[in-house]
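The structure appears below as structure tokens.
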Amino acid sequence: MKEIDIIPSTLKEAVERISELPGYGEKSARRLAVNLLDMPRGEAIQLIKTLLDMLERIHPCSECGLYTEEEICSICSSEERDRSVICVVEETFDAFAIEKTGKFNGLYHVIGGRLSPLEGITAEDLNIDKLVKRVETNNIKEVILATNPTVEGEATASYIYNLLKDKNILVSRIAYGLPFGAVLENADDFTLSKALEHKTII
Ligand code: ZN
């Protein structure tokens with residue numbers, strides 16, 4: 001018996017396209033497509049319009065790479081920031097998270113990911129050359145490497161460290177530790193040994 005394909009072709013194409021997004025498998029792509037179809041049509045269209053609006057207006061800041069609606073983001077154009085310190089992050093939302101703490105008053109640099117041989121992401125795919133140029137031309141005194149404490153984030157931090165170590169600036173790495181509320185017994189070896197290594201005097 002001939003198998004009949006009952007999935008409408010536009011739904012199939014939508015699922016295919018959504019599943020090309022990082023982090024979306026076919027199952028989650030299907031769920032998203034069906035959620036949109038199940039929503040009141042007006043709401044779904046409004047959601048898509050918001051996404052279109054975002055795509056039209058947002059682009060990376062030409063200085064630091066943070067997503068912004070301006071040519072230069074509000075941090076790069078602020079007079080109140082310490083322009084001698086750059087905090088390097090993987091993604092815009094990492095910078096937003098640091099910004100929320102209110103503990104950092106320098107500038108950011110978004111590299112747009114992390115080195116990952118498995119995913120075929122090399123230094124050329126990341127916004128690293130621009131960082132080196134900023135350090136060389138903008139009288140930078142300190143670079144804080146705030147890539148994620150993961151294997152890839154570590155590799156990325158040490159790659160950048162090697163590029164900057166002879167530039168006569170201070171290069172630091174964010175401290176590792178246990179999340180607040182953690183139980184030592186449940187911490188992995190890496191986290192626990194890094195927490196001991198970077199202990200502070202109280
Ligand atoms: Zn900027």
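The values are calculated or read from the model by the stated rules, or taken from the named source; none is laboratory data. Being a predicted model, the structure only gives us computed values, none of them experimental. Heads up, the Cβs are rebuilt from the backbone with ideal geometry, glycines too, and the neighbour counts pull from every protein chain shown. Just so you know, the surface numbers come from the protein's heavy atoms only, side chains and all, with ligands and any DNA or RNA stripped out. Shrake-Rupley method; radii C 1.70, N 1.55, O 1.52, S 1.80 Å.
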Practice task
State the percentage of accessible surface on the stretch 9-57 attributable to carbon and sulfur atoms; use a 1.4 Å probe and exclude ligands, DNA and RNA.
Solution key: 58
Handout entry: Helix axis angle, 26-38 relative to the chain longest principal axis, alpha carbon, degrees
Key = 60
Practice task
When a/c is below 1.5 the answer is rounded, else prolate if a/b is larger than b/c, else oblate, so apply that to the stretch 9-57 with a ≥ b ≥ c taken from the square roots of the Cα gyration tensor eigenvalues.
Solution key: oblate
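Please state the relative contact order of the chain as a whole percent: Cα pairs under 8 Å, 6+ residues apart? Could you put the intermediate results ahead of the total?
Numbers: 212 pairs, mean separation 25.7, N = 202.
Relative contact order for the chain comes out at 13 percent.
What is the packing order of peptides 64-76, 170-182, taking the mean over residues of other C-beta atoms within 10 Å and listing the highest first? Before the final figure, lay out the partial values.
Values: 64-76: 17.9, 170-182: 13.0.
Taking the mean over residues of other Cβ atoms within 10 Å, the ranking is 64-76, 170-182.
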Exercise for the section: Would you kindly find the accessible area of I4, with a 1.4 Å probe and non-protein molecules such as ligands, DNA and RNA excluded, rounding to the nearest 10 Å²? Expected result: 140
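Hey, can you find the accessible area per residue of the stretch 60-201 for me, probe 1.4 Å, expressed in square angstrom?
Details: 8810 Å² over 142 residues.
I get 62 Å² per residue for the stretch 60-201.
Quick one: dipole size for the chain, taken about the Cα centre, charges +1 on Lys/Arg Cβ and -1 on Asp/Glu Cβ, in debye to the nearest 20. Show your work: numbers first, answer last.
On the way: 23 positive and 34 negative charges, 58 e Å.
Computed charge dipole of the chain: roughly 280 debye.
How do 130-136, 118-124 rank on mean C-beta neighbours within 10 Å, highest first? Intermediate values should be presented prior to the final figure.
Numbers: 130-136: 16.0, 118-124: 10.4.
Answer by packing, highest mean first, reads 130-136, 118-124.
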Fill in the blank from the handout: Volume per residue (Å³) of the convex hull spanned by the alpha carbons of the chain is 220
Fill in the blank from the handout: Computed over the stretch 9-57, protein heavy atoms only, probe 1.4 angstrom, the accessible area per residue in square angstrom equals 83
Exercise for the section: Calculate the dipole size of the stretch 9-57 relative to its Cα centre from +1 charges on Lys and Arg beta carbons and -1 charges on Asp and Glu beta carbons; express the result in debye to the nearest 20. Expected result: 100
Problem - All lysines inside 26 Å of K103 as judged from Cα atoms, apart from same-chain residues fewer than 8 positions distant - result: K130, K133, K141, K165, K167, K194, K199
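Using DSSP to call loops (not H, G, I, E or B), can you name the trypsin sites (Lys or Arg not before Pro) in the stretch 93-125 whose Cβ has at most 16 other Cβ atoms within 10 angstrom? Provide the component values of the computation, followed by the final result.
Details: sites: K100, K103, R114; in loops: K103, R114.
Loop-located and lightly packed - K103.
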Fill in the blank from the handout: Per principal axis, largest first, the Cα atoms of the stretch 1-103 extend in Å by 72, 27, 24
Problem - Residue-span extension gain [L178 to T150] - 0.36 nm each, minus C-alpha spacing - result: 8.7 nm
Problem - the stretch 1-32: GluC sites (Glu not before Pro) in DSSP coil with no more than 10 other Cβ atoms inside 10 Å - result: E3, E20
